[in-house]
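The structure appears below as structure tokens.
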Amino acid sequence: MPRRRLIYLLVVVALLGGMAFAMVTTALQQSPTIDEPVYVATSQVLTQQHSLRYNPEHPPLGKLVMAAGLAFEHPYLDPAYNQDQTLLGRHLLYETGNNPYRLMLAARIPMIVLTLAIGLVVLGFARDLAGPWGGLVALALYAFSPDAIAHGSLATLDVPAAGMLLTAFWMLWRSRRRPRLYLPLAGIALGAALATRMSVLPAVPIVMLLALLSPFAIGVPSSRWKTLAWRVAGAVGVGLIAVAVVWVVYLAVDPRLRWTTPALAADPGGLKGLAVDLLPLPKAYRDGVLIQFAFESRTFNGFLLGHAYRGSLWYYAPAALVIKTPLGMMALWLAGAITMLVRPALRVATLYLIVPAGVLMLVAMTGARDYGSRYVIFMPIFGAVVAGTVVLIRLRWARVATAALVGWVAVSSALTFPYYLPYSNEAFGGTSKTHLRLHDSNVDWGQDLARLGTRLHDRYPGQPVWLVYKGSGVPGYYGIEGRNPLTVPNDQVRGLLVVSDSRVALASGKLRQLIDSSTEIDNVGYSITIYRR
């Protein structure tokens, strides 16, 4: 192996190794986030009972990947338990004798491995566009991305779905030269994304249109109509393969596809209802889409830049992204986008990266749930590939500037270790100030209950604790004996008032009075605040 190639390989290994260290450390230290117990418990229902009845709003594939790790722990789940999915998650982790630490790590490890594999996709796509150095720049940005590390270390579905979708577009890009090989692979990747998270559905028309750019026939056809026919055949083939993958995933869970439509899956009528009816996918999948529509028809609480509100803001997603993305990373995204637009050879590549990311961002901006940058997690993944093209800028200072910006991203990411979930960039005060700008999965997703138990034991032993916690963990399991301060008169709340920062952000009435009349003395993981009363 030539020396230069060896060095290149070592750099790739070092970047992915550093990302793996950050993710594993985070996974070891964090208690279950709000969504994770539902996914983990559902994965056991899928594999042990072969039932699709839980969590139908998210397809099974990502949860089956979690189950691969959980298989080594042999968790016990009472087959007669029939409560809702939130209680099911608590039951599995805390009420059946299982070890929640071991179960969560077992479920998170396969997702960490998958996140690292997505890094190789980022590297490969950027290499195809901008050569080896472009690949390294893209991989570095991905490996240092606080959002990618934060959500890649969790047993959730956001990063896997975005990574599989990127893989589909990479295969489409490669299919322009070798369509017979890469169009089927694009279909498989698209199907895997669809079988993981329904939020990728808006990208399907883009995939189908781009498949038309791949000349499926080898040689020169005799007419334009024949050329068009081959292209249409290729696009239809991609769609059929994607649909087949989804069906295979559902059939793998339950070959008989037993399913009862839940009450929440009400037909919205109109174009939405018609579109769902026309999906050539299992009934359980289509009902899951209807459940998502039902969620989107609701009104939720939001918090942005210190302002609490009801409903959703159209600019929330881009605003959250700007707050939670390293400044150097955003600068390289912009430079990469400009590079792709001004270089004729790369303009067509914008259809495979910038256009799908833009469409998905527009869809996210219409959403009803202003809950976190994870809803646009595709941006740091697609954006890393776009940024890799900056190495093609033929200016004397460009390489130095690129290296400096990548270094800035690395330092910003390292400084937040191991608290990646509440990260925000320096322009917004850094990680310690995120709770003043955002809430929910941007900062406080219930991940620091174990850290809180340790903090109270080490620094405040024997002191009375009043707890207002947002999360899915069980405080008592972590040694936290806290009473609810909202059930007694304010003058009886004496000692430590411990409040999740998402609760602080939306506090009103009695809780706001308690917070305002208390003194902040400590914080845990930049997601839980401790007050003295």
Item to check | Odd one out for ASP491 among (1) acidic (Asp, Glu); (2) over 17 Å from THR434 (Cβ atoms); (3) open to solvent by less than 20 Å² (accessible area, probe 1.4 Å) | outcome: (3)
Checklist entry - Scanning segment 509-527 for residues that are more than 30 Å from the chain's Cα centre (by Cα) and among the small types (Gly, Ala, Ser), which turns out nearest to ARG494 (Cα to Cα)? => result SER518
Checklist entry - Would segment 339-355 turn up any residue that is within 25 Å of VAL390 (Cβ to Cβ), among the basic types (Lys, Arg), in contact with a Ser or Thr (Cβ under 8 Å, 6 or more places away or on another chain) and open to solvent by less than 60 Å² (accessible area, probe 1.4 Å)? => result no
Next on the checklist: Please go through (1) under 30 Å from ALA193 (Cβ atoms); (2) among the aromatic types (Phe, Trp, Tyr); (3) surrounded by fewer than 17 Cβ atoms within 10 Å (Cβ to Cβ) for TYR419 and return the number of the only condition it doesn't satisfy.
Outcome noted: (3)
Checklist outcome for this item: Residue hits (segment 309-327; under 21 Å from VAL359 (Cα atoms) and basic (Lys, Arg)) are LYS324
Next on the checklist: Criterion first (open to solvent by 40 Å² or more (accessible area, probe 1.4 Å) and not in a strand (DSSP E or B)) does VAL322 satisfy it?
Outcome noted: yes
Checklist entry - Is it the case that some residue within segment 272-279 is closer than 26 Å to VAL65 by Cα and open to solvent by 10 Å² or more (accessible area, probe 1.4 Å)? => result yes
Next on the checklist: Can you pull out every residue in segment 98-127 that is more than 22 Å from LEU166 (Cβ to Cβ) and open to solvent by less than 80 Å² (accessible area, probe 1.4 Å)?
Outcome noted: ASN98, ASN99, PRO100, LEU103, MET104, LEU105, ALA106, ALA107
Next on the checklist: Being under 16 Å from the mean Cα position of the chain (by Cα) and open to solvent by 10 Å² or more (accessible area, probe 1.4 Å) is the filter here; which residues of segment 40-70 pass it?
Outcome noted: GLU57, HIS58, LEU61, VAL65
Next on the checklist: Looking for something aliphatic (A, V, I, L, M) and either surrounded by 19 or more Cβ atoms within 10 Å (Cβ to Cβ) or in contact with an Asp or Glu (Cβ under 6 Å, 6 or more places away or on another chain) (or both) - is there at least one such residue anywhere in segment 431-446?
Outcome noted: yes
Checklist outcome for this item: Out of (1) crowded, with 24+ Cβ neighbours inside 10 Å; (2) modelled with pLDDT under 95; (3) among the charged types (D, E, K, R), the one ARG5 does not meet is (1)
Checklist entry - When both residues are 6+ apart or on different chains and their Cβ atoms are under 6 Å apart, which pairs have a first residue that lies in segment 245-264 and is open to solvent by 60 Å² or more (accessible area, probe 1.4 Å), and a second that is not polar (S, T, N, Q) and not in a loop (DSSP other than H, G, I, E, B)? => result THR261/ASP287; LEU264/ILE291; LEU264/ALA294
Next on the checklist: On the basis of being touching a helix residue (DSSP H, G or I) at 6+ places or on another chain (Cβ under 8 Å), among the aliphatic types (A, V, I, L, M) and open to solvent by less than 10 Å² (accessible area, probe 1.4 Å), does LEU486 make the cut?
Outcome noted: no
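The values are calculated or read from the model by the stated rules, or taken from the named source; none is laboratory data. Everything quoted here is computed from the prediction, not taken from an experiment. Cβ sites come from the backbone with ideal geometry, for glycine too, and all protein chains shown count toward neighbours. The protein model used for the area step is the full one, side chains on, heavy atoms only, and it has no ligands, DNA or RNA in it. Shrake-Rupley method; radii C 1.70, N 1.55, O 1.52, S 1.80 Å.
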